[in-house]
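Engineer: Handing you this structure, nothing more for now.
FYI, it's all coordinate maths here, none of it is from the lab. As the structure is a computational prediction, the values presented were derived from the model and not from experiment. Neighbour counts are summed over all protein chains in view; Cβ atoms, including those assigned to glycine, are modelled from backbone coordinates with ideal geometry.
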Amino acid sequence: MSLVFDNTKYEIKSLAHNGIHMIYRAFTHIPYAENPIAPDWQCLSIYVPEAYYEEGASINGYTLTTAPIFFPNAVGGYKPGKECEPEIWEDGRANSIFHALAHGYVVVSAGLRGRGMQDKAGKYIGCAPAVICDLKAVVRYLRFNKERIAGNVERIISNGTSAGGAISSLLGSTGNHPDYEPYLKAMGAADAKDHIFAASCYCPITNLDHADMAYEWEFAKCGTKTPERESISKELQAMFPAYVNGLGLKDELGNALTLNTDGTGTFADYVKKQVIMTCELELNKGTDLSSYDWITIADGKIAGIDFTKYIFYRTRMKEAPAFDNIKMGTPENELFGNADIFYRHFTEFGLKHSEVSGELAEEMQVKMMNPMNYIDDTDATKAQYFRIRHGAIDRDTSLAIPVMLATKLRNQGIETDLALPWGVPHAGDYDLDELFAWVDKVCAEP
């Protein structure tokens, strides 16, 4: 199977929304690996504004060869992600692909393997690290065809939400790392680099092997949903400070971010500070915050917040452990299965407390799904820019997860834009104007 892109095979399509009539070229269902494991899924589509093919044409200052390549994924819950196209949803909104094309970006959408997928022999083919390897293979395909495709392959911006946000952060953190090479060779990925320019990550469900600790550190104050799990919750809480302290995190002034054994400390204060910043921004917009009993306002400014009351305001969503469940059955347990086993534990804690005699995933499999393992690894080419958004009322994972990710990136000198948008639950693509403004800004930097 040839991986040479054929730029003569396309359809001209159009879609109108809110007064915008978008005409674009669609190069669809193109295999991005020579030996695909799931041929119907491992394909990509490239969408290009038709205006770019007119002589001298530009959109927002971009041209056919300089336009950034917007690379959204449709992964949720670590399930397979489909190839998508510009579309108008039933609620009347247009998807990010439509808006990105209208803004002048070239858009690439790819089908990706995920948990639960089986081949004809009944083997599971979507377990970790399948999804990240597929993303890398797409990037390699684009670079391999840089002289034949539209857009600037040195300006690839990934985007995803939830598990999709997690793999966006992983793609941005693991460029060209040798850990993934055997998998990419086996699937026949193109001989090219797989680092990207920037990563947009909405509510990333990541750092899975430490997410249970972080969840109990934050939400145990609300109970455990299952009273018989209180001792498990306490054990996980007690483990979190050692993990945080081992990261060696520092704030913008170089102060160490750590936790005491009781879960208090400068790291806890730093997470709280992010929430206060969110409240300040919302107050400055003119929003009346006086009804929130966890917010203290004095002289028209945020004087402080009661973090415990804030957690009760959000409320707990998941039982303990939230991710590596002792009865298994979570999406993450399935992610770390293998060809023959549907669910596996992925932490020593989960294995130790397993009520179903579960097996433990291999250390390397778990490592390859956590961007925290690669941010300070010199063998990984990191994206130059990250944008992380985690809604202020999101409770799918602890706020500590995006804060640790952003802080570790910043500590390595990587420009990272972190915010916890007011009133936003577990969601993504809700601020495309701001996202595209960020993309334009970073692409304009030398």
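Engineer: If packing is taken as the mean number of other Cβ atoms within 10 Å per residue, what is the order of 404-412, 65-73, highest first?
Structural biologist: On the way: 404-412: 21.2, 65-73: 23.8.
Peptide ranking by packing, descending: 65-73, 404-412.
Engineer: Using a simple spin-label model with points 7 Å from Cα along the Cα→Cβ vector, what separation in nm is obtained for GLN412 and TYR313?
Structural biologist: 3.4 nm
Engineer: What FRET efficiency, computed as 1/(1 + (r/R0)^6) with R0 = 25 Å and r the Cβ-Cβ distance, is obtained for ASP6 and ILE88, rounded to the nearest 0.05?
Structural biologist: Numbers: r = 29 Å, r/R0 = 1.16.
After rounding to 0.05, the efficiency reads 0.30.
Engineer: Cross-link candidates for LYS13: which aspartates and glutamates have Cα within less than 12 Å, leaving aside residues fewer than 8 places away along the same chain?
Structural biologist: Candidates past the 8-residue exclusion: GLU50, GLU85, GLU87.
Engineer: By how many degrees, 0 to 90 and rounded to 10, does the Cα axis of helix 266-284 deviate from the longest principal axis of the chain?
Structural biologist: 70 degrees
Engineer: Let me ask another. When all C-alpha to C-alpha distances in segment 188-323 are sorted into bins of 10 Å, what percent of pairs does each bin hold, rounded to whole numbers?
Structural biologist: 10, 30, 33, 19, 6, 2, 0
Engineer: If you find the alpha carbon centre of segment 353-384 and of segment 127-172, how far apart are they in angstrom?
Structural biologist: Computed from Cα coordinates, the inter-centre distance equals 19 Å.
Engineer: Calculate, for ILE341 and ALA186, the FRET efficiency according to 1/(1 + (r/R0)^6) with r their C-beta to C-beta distance and R0 22 Å; round to the nearest 0.05.
Structural biologist: Numbers: r = 20 Å, r/R0 = 0.91.
The formula returns an efficiency of 0.65 here.
Engineer: Moving on to the next point. Which entry in (i) 158; (ii) 213; (iii) 186 matches volume of the Cα convex hull per residue in Å³ derived from the coordinates of this structure?
Structural biologist: Checking each listed value against the structure points to (i).
Engineer: Which of LYS136/LYS327; LYS82/LYS327; LYS225/LYS309 have a Cα-Cα distance over 21 Å?
Structural biologist: Over 21 Å Cα-Cα: LYS136/LYS327; LYS82/LYS327.
Engineer: Okay, moving on. Using helices alone, what [θ] at 222 nm do you get for the chain, with -39,500 (n - 2.57) per DSSP H run of 4 or more residues, divided over all residues and rounded to the nearest 500? Intermediate values should be presented prior to the final figure.
Structural biologist: Working: 13 runs with 137 residues, N = 446.
Value at 222 nm, helices only: -9000 deg cm²/dmol.
Engineer: I've got another one for you. Could you tell me how many degrees, from 0 to 90 and to the nearest 10, lie between the Cα long axis of helix 400-411 and the main elongation axis, the longest principal axis, of the Cα atoms of the chain?
Structural biologist: For helix 400-411, the angle is close to 70 degrees.
Engineer: May I pose another question? Between ASP379 and LYS193, with labels modelled 7 Å along Cα→Cβ, what's the label distance in nm to one decimal, could you check?
Structural biologist: 1.8 nm
Engineer: Would you mind telling me which residue in ALA298, ALA199, ALA361 has the biggest mean-square fluctuation in a Gaussian network model of the chain, where springs connect alpha carbons within a distance under 10 angstrom?
Structural biologist: ALA298
Engineer: Counting other Cβ atoms within 10 Å, which trypsin sites (Lys or Arg not before Pro) in segment 182-286 have at most 12 and lie in a DSSP loop? Walk me through the intermediate numbers first.
Structural biologist: On the way: sites: LYS185, LYS193, LYS221, LYS225, ARG229, LYS234, LYS250, LYS272, LYS273, LYS285; in loops: LYS193, LYS225, LYS285.
Loop-located and lightly packed - LYS285.
Engineer: Identify which of ASN95, ASN176, ASN60 has the largest mean-square fluctuation in a Gaussian network model of the chain, with springs joining Cα atoms closer than 10 Å.
Structural biologist: ASN60
Engineer: Which aspartates and glutamates have a Cα less than 15 Å from the Cα of LYS221, not counting those fewer than 8 places away in the same chain?
Structural biologist: Cross-link targets: ASP212, GLU230, GLU235, ASP262, ASP306, GLU319.
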